[in-house]
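Worksheet for the structure shown next.
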Amino acid sequence: MEIAVCVKRVPAPGGTVTLSEDEKSLDARNLGFTIGPHEECAIEEATRLAGIHGGRVTVLTVGPDEALEQLRAAMSFGADRGVHVRTEDGELGPVATATALAVAIRDTEWDGGGPDLVLLGNEAPDSADYQVGIRLAHVLDLPCLTGLKSLQVDDAAITGRREAAGGWDVFAAPRPAVVTVREGLNTPRYPSLPGRLRAKKRPVQTRTAVPDPVDAQLIRLRVVQIPRTQAELLATGPDLAGELADLLETWGVLA
Amino acid sequence: MILCWVEPGPSGWEETTRGCLTMARGLAGRLGARLVAFTVGAQPDPVGLDELGRLGVEHVHVCAPDDPAYLPAAWGRWLAEAAGSGRACAVLVPGTDRGHEVLAHAAVRLGVAMVANVTEIGLDESGQPRRITRARWAGSVLEESVLPAGPTLASTAPHAVVATEVAVAGTPTVRVHPGAVDPADARVRLVEHIPPASTGVSLATARVVVGGGRGVGDPEGFVVLEQLASLLGGALGVSRAVTSAGWRPHTEQVGQTGTKIAPDLYIACGISGAIQHMAGCRSAKRILAINTDPAAPILAQASHAVVADVHQVVPALVEEITRRRANGGPDRPR
Ligand SMILES: Cc1cc2nc3c(=O)[nH]c(=O)nc-3n(C[C@H](O)[C@H](O)[C@H](O)COP(=O)(O)OP(=O)(O)OC[C@H]3O[C@@H](n4cnc5c(N)ncnc54)[C@H](O)[C@@H]3O)c2cc1C
């Protein structure tokens with residue numbers, strides 16, 4: 001089985017965010033970078049399925065030179081090869097991203113002519129455009145299942161569940177298909193040391209992406225100022241528990 | 001016209017739909033445009049229709065295929081067709097799973113951009129609704145952008161607009177249109193709906209949530225947190241550090257990629273307060289943080305804080321509540 005997984009390099013901010021000088025991105029100087037949780041699950045699922053059905057996992061990313069780091073990380077989780085679609089001037093919009101991924105997938109060699117399954121995160125943690133998977137599916141003329149938290153793949157069909165009003169909607173589509181997933185699909189393993197060493201030697205193909213005039217033009221970002229409550233600090237004396245219980249009572253949550 | 005896809009809820013229209021219609025009505029007012037609701041399946045019943053009228057809808061476009069089951073690609077195509085035939089200058093949907101999915105398919109059909117999680121739509125120099133403000137990073141950052149062409153396809157961020165109704169409401173007119181299914185659009189099918197399991201307190205709707213983070217230390221540390229949650233009739237929630245470590249299941253995770261909670265009280269134990277965690281608990285009325293680090297970011301967002309070790313505070317509190325209950329104590333006046 002040929003499985004493609006699409007991942008994005010995103011900053012990993014902690015308690016606060018600050019912007020770059022041109023207000024067009026996060027100030028990345030003190031930030032680490034990562035792959036979003038949804039996509040970590042996509043990689044885990046791909047390697048799990050390749051383990052069951054046999055086959056190959058190809059990881060693709062659209063991003064700056066540094067996104068090679070995320071490709072290598074994905075390969076240390078078990079992906080066999082990578083495709084890096086390089087961007088030059090900042091982040092691409094969702095139309096350009098989907099097009100770049102589609103062209104890269106078309107130009108890649110696959111056993112059987114194309115991937116059996118293309119996995120993406122349901123939405124990227126930073127831009128949250130909620131559409132790259134669907135746009136990609138249309139360009140490749142494949143069906144697209146979105147937001148899945150469970151996935152079964154057999155020879156002919158793909159089924160999976162998406163949360164719906166506290167319950168589940170179960171969707172099905174024929175294979176091949178594009179599937180976008182959410183964290184909770186599985187519990188990603190940590191990469192092993194041999195995995196990390198192997199990842200360094202796996203092949204990466206490089207291409208270039210261009211912006212698409214259909215996408216929205218970014219003007220600037222603004223940080224949302226969260227009203228800073230001055231937390232009322234409770235003294236930690238010997239009767240802290242009694243005081244806390246009194247408070248809970250005042251708030252009406254003890255009754 | 002402004003076209004708005006409306007999503008029915010268990011009773012009446014979903015709150016996200018009501019907020020979306022409120023934003024759409026504001027925009028329609030500024031543009032002097034008609035507000036048209038789009039729905040697939042049966043016609044809205046009289047109660048539903050009246051509610052749409054109170055939300056400012058003037059006309060309802062009902063698409064009635066032979067089979068009303070949810071078909072994402074087909075619904076997107078029909079929405080695009082309605083937008084095209086009505087020359088809509090904007091198409092709005094609530095920012096839900098189905099809203100995003102239907103709108104993305106419609107965007108492909110119309111060959112235009114789609115903007116998600118929109119909090120505000122303004123007019124550009126030519127008076128078109130193409131100046132967009134939308135939420136990134138789960139609401140921590142806002143993005144301002146401009147769309148190069150119309151129509152504007154936008155999903156509205158949940159809670160971005162509080163739903164309001166008009167003072168003098170009319171009853172919307174209704175027109176039913178056929179919906180033919182292209183076979184390519186029927187490849188993805190909804191085969192079953194599994195209703196919620198009705199056991200226990202659900203994290204999403206609990207009045208009290210006891211949250212545990214990395215500071216809880218190990219899987220055993222959650223036993224006493226669960227005791228506290230159950231004494232308060234609440235649910236246990238955890239941070240991603242906890243689910244990644246395999247200490248607790250992802251169904252308990254609160255945050256950007258977990259469950260969004262809105263309890264009266266959130267007791268956050270050993271949680272630092274990363275923006276992705278706070279994205280899931282921002283709607284809590286009160287946050288009580290228990291953390292050993294006085295500089296932890298969560299203290300700047302909590303209403304109350306105890307700078308102390310969770311391993312001391314929580315067991316003592318559980319003991320105190322249990323003692324009061326055993327005495328038929330002061331917390332049980334009734
Ligand atoms: C794209 C993305 C999405 C994410 N989504 C989510 C999400 O949905 N939910 C989520 O939670 N996180 C999410 N994260 C992770 C998030 O950034 C943080 O890493 C995570 O929330 C940290 O969890 P924590 O607060 O438990 O751990 P830490 O940040 O390690 O904090 C532990 C805290 O415990 C305190 N502590 C330690 N010992 C004790 C003690 N004995 N008593 C009291 N306090 C103690 C420490 O002072 C510290 O403040 C996401 C990250 C990314 C990049």
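The values are calculated or read from the model by the stated rules, or taken from the named source; none is laboratory data. Model, not experiment: these values are computed from the prediction. When we count neighbours, we look across all protein chains shown, and the Cβ atoms used for this are built from the backbone with ideal geometry, even at glycine.
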Practice problem: Check the range B:235-249 and report whether any residue there is within 11 Å of chain A (Cβ to nearest Cβ) and crowded, with 22+ Cβ neighbours inside 10 Å. | Solution: yes
Quiz item: Any idea which of (1) in contact with a Gly (Cβ under 7 Å, 6 or more places away or on another chain); (2) in a loop (DSSP other than H, G, I, E, B) is the one B:VAL209 doesn't satisfy?
Solution: (2)
Self-check item: Whichever residue in the range B:275-298 is within 7 Å of chain A (Cβ to nearest Cβ) and buried (at least 22 other Cβ atoms within 10 Å of the Cβ) and, among such residues, is nearest to the ligand (Cβ to nearest atom)
Solution: B:ILE275
Exercise. Restricting attention to strands (runs of 3 or more DSSP E) lying wholly within the range A:91-171, give those where 1 or more residues are more than 23 Å from A:LEU49 (Cα to Cα) and facing chain B (nearest Cβ under 7 Å).
Key: A:157-164
Quiz item: Just for strands (runs of 3 or more DSSP E) wholly inside the range A:177-255: which have at least 3 residues that are more than 30 Å from A:ARG106 (Cβ to Cβ) and at the interface with chain B (Cβ under 9 Å from one of its Cβ atoms)?
Solution: A:217-223
Quiz item: If you go through the range B:225-236, how many residues are within 16 Å of the ligand (Cβ to nearest atom) and either of a type in the set (Ser, Thr, Tyr) or under 16 Å from B:ASN291 (Cα atoms) (or both)?
Solution: 1
Quiz item: Can you name the condition, by its number, that B:GLY211 falls short on among (1) in contact (Cβ under 8 Å) with a residue 12 or more places away in the chain; (2) out of contact with any Ser or Thr (no Cβ under 8 Å at 6 or more places or on another chain)?
Solution: (2)
Exercise. Select from the range B:61-97 the residues that are among the polar types (S, T, N, Q) and either under 22 Å from B:ILE132 (Cα atoms) or within 22 Å of the chain's Cα centre (by Cα) (or both) and list them in ascending order.
Key: B:THR96
Exercise. Under 8 Å between Cβ atoms, at least 6 apart or on separate chains: pull out the pairs that start in the range A:228-255 with a residue that is under 14 Å from B:ARG286 (Cα atoms) and end on any residue that is in a helix (DSSP H, G or I).
Key: A:ARG228/B:ALA300; A:THR229/B:ALA300; A:ALA231/B:LEU299; A:ALA231/B:ALA300; A:LEU244/B:VAL313; A:LEU244/B:LEU317; A:LEU244/B:GLU320; A:LEU248/B:ILE321
Self-check item: Selection count, the range A:4-18, where residues are more than 8 Å from the ligand (Cβ to nearest atom), more than 14 Å from A:ALA102 (Cα to Cα) and either free of Cβ contacts under 8 Å to residues at least 60 places away in the same chain or buried (at least 18 other Cβ atoms within 10 Å of the Cβ) (or both)
Solution: 5
Exercise. Answer yes if at least one residue in the range A:2-10 is more than 16 Å from A:ARG72 (Cβ to Cβ), more than 18 Å from the chain's Cα centre (by Cα) and at pLDDT 95 or above, and no otherwise.
Key: yes
Quiz item: Which of the residues spanning the range B:101-139 are more than 21 Å from A:VAL132 (Cβ to Cβ) and of a type in the set (Gly, Ala, Ser)?
Solution: B:GLY122, B:SER126, B:GLY127
